[in-house]
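The block underneath contains the structure these notes are about, expressed in C-alpha cells.
The values are calculated or read from the model by the stated rules, or taken from the named source; none is laboratory data. Values in this document were obtained by computation on a predicted structure and should not be read as measured data. Don't worry about glycine lacking a Cβ; one is built from the backbone with ideal geometry, like all the others, and counts go over all protein chains shown. For the accessible areas, the whole protein counts, side chains as well, though only heavy atoms, and no ligand, DNA or RNA atoms are used. Shrake-Rupley method; radii C 1.70, N 1.55, O 1.52, S 1.80 Å.
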Amino acid sequence: NVAAREIAAGGQVGGSARLAGQDVTVSGNIAGDLLAAGQSVAVGDQGVVGRDLVLAARTVHVQGRVNGRITGTAETLTISGIVSGVEVSAGRLVLEEGARVDGDLVYTSETRARVADGAVVTGRLVQRRPAEGSGGSPALGVLVSIIGALVLGLGVLWLLPPLLPAAARALRESPGAVAGGAVAGLVLIPFAALGLMAGALLTGVGLSLAALIAGGFGMLLVLAKVIAGFALGTAVLRKADVDPRTDLRGTLLCLFVGVVIIGMLSAVPYLGGVILGVTAFAGFGAGLVAFLRWRRRARSVSITGSSISY
C-alpha cells in the first residue's frame with residue numbers, strides 16, 4: 001500500500017498492490033490485483049499484473065500484460081499490450097498496433113474507440129453511451145469525489161479528532177452493534193425528526209430539537225464515506241504496522257488510503273453502487289455508535305474537587 005507523489009514499482013509483489021499518486025508506473029511483476037489512482041498510470045512493456053487492474057486516473061497507458069480485466073474509469077486509456085478483458089468508462093479509448101484483448105472490450109464513452117490495424121479483440125466490442133445528463137469526465141468525477149472526501153476528513157480530524165478513531169474501533173470490534181445502529185438510525189431518526197417538526201408546527205414547541213436531530217442525521221450521512229474510508233485504511237495498513245493512534249502521519253495515511261480505495265472501487269461498473277451503499281451503511285452505523293458511546297461516557301463522568309473519575 002503506497003501513497004506518494006511519484007510511485008515506480010519495478011520489483012516483484014507477491015500479492016495485490018494499492019498505489020495512489022500523481023504518477024504511478026509499474027514495470028515489475030504484481031502477482032495479484034493492482035488498484036491504481038492518480039493523474040497518470042502506466043504499466044510498462046515489462047510490467048505484468050497477475051489479476052485485475054482497477055483504475056481511477058486521468059491518463060492510462062498499458063504496454064505490458066494484464067492477466068485479468070481492466071476496470072474503472074479514465075479520461076484517456078491507451079492499450080498496446082495484452083489484457084484479458086476491458087470494462088471501463090473512458091473519455092477516449094485507444095488500441096494501438098500490437099494490442100490484444102483476449103475477451104470482451106466493453107466501454108462507456110461518447111466517442112468510439114480507435115482501434116489500429118493490427119490490434120485484436122477476440123470477444124465482443126461494445127460501446128455504451130453515458131447516461132443522459134451525466135456529463136463531464138468519469139475520471140474527473142472520481143478524483144473530485146476523492147479529493148472532497150479527503151478535505152472533509154481533514155476537517156473532521158481538526159474539529160472532532162476522536163470521532164474517526166472511535167468509529168473505526170466500533171466497526172472493528174462491534175460489527176453487530178454498528179449494523180443494528182445503522183438500521184435503527186436510518187429508520188427511527190428521520191421519523192423522530194418529522195414527528196417533532198409536526199408537533200412543533202402545532203404547538204410551537206420542539207422545533208429547535210427537531211432541526212438539531214435532522215441536522216445531525218444529515219451530517220452523519222455526509223460523513224459516512226469518510227468514516228468508512230478511515231476504518232478501511234486502518235484495517236489495510238494494520239499489516240504494515242501503521243497505527244493511527246501513534247502519530248498524525250499515520251492518521252492521515254489511513255484516511256488517504258481508505259478514501260482512495262473506496263473512490264476507486266466506486267468507479268467500477270455495477271460494483272460501484274454496491275460499494276457506495278455498503279460504505280454509507282457501515283459509516284453511518286459506526287459514527288452513530290461512536291457518538292452514543294461518547295455520550296454515555298460523558299454522562300458517567302463525576303468531578304470531585306480537581307479530580308475527574310470515569
Condition set open to solvent by 10 Å² or more (accessible area, probe 1.4 Å) and either more than 15 Å from VAL106 (Cβ to Cβ) or without any contact (Cβ under 8 Å) to a residue 12 or more places away in the chain (or both), scope segment 86-95, selection farthest from the chain's Cα centre (by Cα): answer is ARG92
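Looking only at segment 1-27, count how many residues are polar (S, T, N, Q), part of a strand (DSSP E or B) and buried (at least 16 other Cβ atoms within 10 Å of the Cβ).
Pass one, segment 1-27, residues polar (S, T, N, Q): 1, 12, 16, 22, 25, 27.
Of the ones still in play, those that are also part of a strand (DSSP E or B) are 12, 22, 25.
Pick out the ones that are also buried (at least 16 other Cβ atoms within 10 Å of the Cβ) and you get 25.
The qualifying residues number 1.
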Exactly one of ILE227, ILE213, ILE262 is over 20 Å from PRO161 (Cβ atoms), out of contact with any strand residue (DSSP E or B) (no Cβ under 7 Å at 6 or more places or on another chain), open to solvent by less than 60 Å² (accessible area, probe 1.4 Å) and at pLDDT 75 or above, and that residue is ILE262
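Does segment 232-244 contain any residue that is among the polar types (S, T, N, Q) and modelled with pLDDT under 70?
Here is the first cut: in segment 232-244, the residues among the polar types (S, T, N, Q) are 234.
Okay, now just the ones that are also modelled with pLDDT under 70, so none.
The answer is no; no qualifying residue exists.
Give ALA131, ALA116, ALA99 a once-over and let me know the one that is modelled with pLDDT of 90 or more, open to solvent by 10 Å² or more (accessible area, probe 1.4 Å) and of a type in the set (A, V, I, L, M). Reasoning before the result, please.
Numbers: ALA131 fails: modelled with pLDDT of 90 or more; ALA99 fails: open to solvent by 10 Å² or more (accessible area, probe 1.4 Å).
It is ALA116.
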Quick check on my filter: what residues within segment 156-170 are open to solvent by less than 40 Å² (accessible area, probe 1.4 Å) and either at pLDDT below 85 or not in a helix (DSSP H, G or I) (or both)?
VAL156, LEU157
Inter-residue pairs, beta-carbon under 9 Å, first closer than 14 Å to GLN22 by Cα and in segment 39-63, second open to solvent by 40 Å² or more (accessible area, probe 1.4 Å) and assigned to a loop (DSSP other than H, G, I, E, B), 6+ apart
ALA42/SER27; ALA42/GLN63
Tell me, which residue of segment 28-85 that is part of a loop (DSSP other than H, G, I, E, B) and open to solvent by 60 Å² or more (accessible area, probe 1.4 Å) is farthest from ALA99 (Cα to Cα)?
ARG51
